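Below is one structure, written out as C-alpha cells; comments come after it.
The values are calculated or read from the model by the stated rules, or taken from the named source; none is laboratory data. Note that the structure is a prediction, hence the values are computed from the model and not measured. Here Cβ is always computed from backbone atoms with ideal geometry, including for glycine, and neighbour counts include all displayed protein chains. Areas reflect the complete protein model, heavy atoms only, side chains present, ligands, DNA and RNA absent. Shrake-Rupley method; radii C 1.70, N 1.55, O 1.52, S 1.80 Å.
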Amino acid sequence: MRRALLGCVLLLLCCAYVPAPSASADDPRTRTRRGWDYVVTLAPDLKSVDVRICFRRFLPRQLELKDARGLGALSFPADASGTQLARSAREGAVVPRGLRAGGCVRYRVDLDAALKAGDRQSARIGRDVMINPGNVLLRPTVWPNGVYVTCRFVCPGELNVSVPWPDVAGASTPHTYQVGRHALTLDALIALGRFAPESFDASGATFRIARLDRRHKASREDVEAWISAAAGAVTNLYGRYPMSPVQVVLLPAGSWNSPVSFGRARRAGGASTLFYLSQVATKDDLIGEWVAVHEMIHLGMPWTPLSEAWFQEGFTTYYQEVLRTRAGFQSVEQGWQEIHEGFGRGRIGGPGDTLKVTSENMHRTHAYWRVYWGGCAIALMIDVELRRVFKGTRSLDDVIRYLSGRYAYAGASYTGMALLEDADRWLGRSLCAPIARRVLQARGFPDLTATYRRLGLVDAGGHIRLDPRAPQAKDARAIMTAK
C-alpha cells in the first residue's frame, strides 16, 4: 500500500535558495536599506488578512501576485495618506497611486477567495489555513537586485504562523522574517491557525513543527523522534543536515495503512516539508518510514526542472532505501529487497518511450514508477561502476556531496546530464554521464543483469539473497553500510 502511493505523492521540489544572513530589524542601516517591509495582520476568525507594504528607497511601478487569478481576492481601501492601489491596464497587475518615497500601501485579502484561486496545497485544514504566500503578498513586477525585504505577522489571540523563511536577527517583535526573491515567485507554504508551535534541534538543524487541526495520536515526543531519526539518516549522506531552519507542516490523513501517506519538499526562500500524517500513527510506526527520509534528501539535491525527474526523483529514491538501511531501519538484505521490488514496479509502468521522453512527460502520462525507478537504476549503475573503477575509494556518495555543495543552493536550475558531466570533470574520468545517457536513450526498463551479477544480487523467486562470491560482493554490503 505504502509503495503504491509513491508515484502520486512525491512531487518535485522547488528552487534551492538560502537567503543571506539577515540584519537586525532594529538596525538603522536596515531601516534605510533599499527594499520594503510587509506587515500582515490576521483577522481573529481567519477569514481575511490585512497587508501593509512600506517601501524604503524604492518606488515600484506595478505590483503583482505569483498567480494573477488571486487578484480577485484582494480589495484596496484608500490609505489615510491618500495612497491607494488600483488595478493596472496591464492584466494581472496593480499600481500604487500617490505613493511617495518612504510611503506605504494597504490591501485586504479574502482568504476563502484566495484559497479557491490558489494551488492544490492551498486549503482550510479544520480551523487552520495553508496557502502559498505568493498568493497573498503582492510583489514588484521587477524584483531589483540587492533589496532587503522583511515580513512581520501580527497574530491576535491564539493564532500563530508557520513560514519557511529565516528569522530577522534581533527583531524586537515576534514573527518577523526575511523574505528572499524566490519566496514569492516559486511554490512555498505558510500556515496560519491555532496550532501551538513546536521546535527542536536535530542533526545540527532547527525543525519548526506546525501541526494543523491536531488530529494525531502521535505525541510531540513521537514527532520529534521521527523527524530526528530521518534527519540523522540524511546526514549520513551529506555530512550535515542540508538546510536550517526547516519548516515541517503536519496534516491529518485519516487512518491510513501507511503512517505517512504523502510528502513534499520545497526550498522557496527556505526549507519546507509537508507530510500527511496518519491520525493513528505513533513513534513505533513512524521511525524509519521512507517518506520523511525521501523528502529530506531533496533538500540537499541540486534543483532540476520538472522534466528531469529521472535525476531528481530517481537518485532520491535510490538513497531513500540506502540511507534507511545505513541508519539501521532495515537489514542489508531488506534494503536490496526494497530496491529490487521497486525495479519490478518500474518495469510495468509507463509507455514504451525512452526514459528521457517518459521523464519529460511524466506529469501528463503519470508514468511515475517508470521514471522514479528508472532513475534509481541509473543511480545504482553509476554507484557500482564508481566503486569498481576507483576500487572502493569513490562512490556515488562523493558525487552527490560534490553536487550538493556546488549547486544545491545556487538558485538556478540544471539538467541532470549537465550535473553528471560536471561530476565527471571533477572525478577526472568520464563515468557517470555515459551510463545515464545510454539508459536515457534506450527504450524499456534498464537491463540490470550485469549490475546484479557484479554485486551478487540473486533473485530467488522474487526474494533477493546475496552471493558472497560475486566480484563486488563487498560493495553490495558497503553501499548499505554506514561509514
Restrict the check to region 353-367 and report whether at least one residue is within 23 Å of A476 (Cα to Cα) and in a helix (DSSP H, G or I).
no
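Residues that are open to solvent by 70 Å² or more (accessible area, probe 1.4 Å) and modelled with pLDDT of 80 or more: find the strands (runs of 3 or more DSSP E) completely inside region 1-119 holding 1 or more of those. Break it down stepwise before answering.
On the way: elements: 35-42, 48-56, 84-87, 93-97, 104-110.
Passing ranges, in order: 48-56, 84-87, 93-97, 104-110.
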Which numbered condition trips up P302, out of (1) at pLDDT 95 or above; (2) closer than 24 Å to R437 by Cα?
(1)
May I ask you to list pairs of residues, at least six apart or on different chains, whose Cβ atoms are under 9 Å apart, with the first in region 375-386 being under 15 Å from T449 (Cβ atoms) and open to solvent by 10 Å² or more (accessible area, probe 1.4 Å) and the second being of a type in the set (V, I, T) and modelled with pLDDT of 95 or more?
M381/I435; M381/V439; M381/T451; E385/I435; E385/T451
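Residue under question is L237, and the condition is that it be within 27 Å of S404 (Cα to Cα) and touching a residue at least 60 places away in the same chain (Cβ under 8 Å); does it hold?
Values: within 27 Å of S404 (Cα to Cα): yes; touching a residue at least 60 places away in the same chain (Cβ under 8 Å): yes.
The answer is yes for L237.
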From D213, D201, residue being on the phi > 0 side of the Ramachandran plot and either in a loop (DSSP other than H, G, I, E, B) or charged (D, E, K, R) (or both)
D213
Check whether at least one residue in region 160-180 is surrounded by fewer than 19 Cβ atoms within 10 Å (Cβ to Cβ), closer than 24 Å to V105 by Cβ and in contact with a helix residue (DSSP H, G or I) (Cβ under 7 Å, 6 or more places away or on another chain), and report yes or no.
no
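Test T354 against the criterion of being in contact (Cβ under 8 Å) with a residue 60 or more places away in the chain, open to solvent by 10 Å² or more (accessible area, probe 1.4 Å) and of a type outside the set (F, W, Y), and give yes or no. Please lay out each step first, then the result.
Details: in contact (Cβ under 8 Å) with a residue 60 or more places away in the chain: yes; open to solvent by 10 Å² or more (accessible area, probe 1.4 Å): yes; of a type outside the set (F, W, Y): yes.
When the stated conditions are applied, T354 passes them.
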Matching residues, region 362-421, being β-branched (V, I, T) and farther than 22 Å from Y241 by Cα:
T365, V371, I378, I382, V384, V389, T393, T415
Need at least 1 residues that are of a type in the set (A, V, I, L, M, F, W, C) and more than 18 Å from F315 (Cα to Cα) per element, so show me which helices (runs of 4 or more DSSP H) inside region 419-483 make the cut, counting only ones lying wholly within it.
449-455, 473-479
Could you list, ordered by first residue, the pairs with Cβ atoms under 6 Å in which the first is in region 139-151 and on the phi < 0 side of the Ramachandran plot and the second is in a loop (DSSP other than H, G, I, E, B) and among the β-branched types (V, I, T), at least 6 apart or interchain?
V149/V179; T150/V168; C151/V179
Take region 422-457 and flag every residue that is without any contact (Cβ under 8 Å) to a residue 60 or more places away in the chain, open to solvent by 40 Å² or more (accessible area, probe 1.4 Å) and over 29 Å from A408 (Cα atoms).
D447, T449, A450, R453
